[in-house]
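The values are calculated or read from the model by the stated rules, or taken from the named source; none is laboratory data. Keep in mind the model is a prediction, meaning the values are calculated, not measured. Methodologically, a virtual Cβ is constructed for each residue, glycine included, from the backbone with ideal geometry; neighbour enumeration extends over all protein chains shown.
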Amino acid sequence: MKYYAVIDTNVIVSAMLKANSAPWEIIAAIDEGHIIPLLNNEILEEYTDVLSRDKFHFALSAVYSLIEGLKSKAVFINSDLKTDLFPDPDDAVFYEVVMEARKNTDAYLITGNIKHFPKKPYVVTPREMLNIIYNN
């Protein structure tokens, strides 16, 4: 079964920082076709900006390879929904895209910062998403 999901930037960063972690397994699930990432240009810009920060010391070639891999497997969603109910305005786009996608299909928002989003059954941690994929 395939699952559609918006991946919060913190999951991407965590995946690059620690192999064999739950976030890393999310990226593996994307590579294996279990998860179809949902993206838009604003999310891609955030991924690029955050992953390129000096504090992470990620090789730019690894950053661009990951982003290109995500883009090649993604469904692009443009959202007209605009919300300001998030303490960090950068979080809003992730919720907006998942809500737009949910108009047509089941979709999840995968985040390591679960408290930053409304408590909904489709807002899940990486471990919860892996349980959904592999236990269903």
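Summary table
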quantity: Of the criteria (1) in a loop (DSSP other than H, G, I, E, B); (2) buried (at least 19 other Cβ atoms within 10 Å of the Cβ), which one Tyr4 fails; calculated: (1)
quantity: Check on Asp80, more than 17 Å from Tyr4 (Cβ to Cβ), modelled with pLDDT under 95, out of contact with any helix residue (DSSP H, G or I) (no Cβ under 6 Å at 6 or more places or on another chain) and assigned to a helix (DSSP H, G or I); calculated: no
quantity: Where Glu68 falls short, out of the listed (1) touching a residue at least 24 places away in the same chain (Cβ under 8 Å); (2) acidic (Asp, Glu); (3) more than 15 Å from Asn10 (Cβ to Cβ); calculated: (1)
quantity: One residue from Ile67, Ile132, Ile36, Ile43 being of a type in the set (Val, Ile, Thr) and not in a helix (DSSP H, G or I); calculated: Ile36
quantity: Top-ranked residue of region 26-61 - restricted to ones that are among the acidic types (Asp, Glu) and touching a residue at least 12 places away in the same chain (Cβ under 8 Å), ranked as surrounded by the fewest Cβ atoms within 10 Å (Cβ to Cβ); calculated: Asp31
quantity: Tally, over region 108-120, of residues that are assigned to a strand (DSSP E or B) and more than 18 Å from Glu25 (Cα to Cα); calculated: 0
quantity: Conditions (1) acidic (Asp, Glu); (2) in contact with a strand residue (DSSP E or B) (Cβ under 9 Å, 6 or more places away or on another chain); (3) within 14 Å of Asn10 (Cβ to Cβ); number of the one not met by Asp91; calculated: (2)
quantity: Identity of the residue in region 87-136, among the polar types (S, T, N, Q) and touching a residue at least 40 places away in the same chain (Cβ under 8 Å), that ends up surrounded by the fewest Cβ atoms within 10 Å (Cβ to Cβ); calculated: Asn136
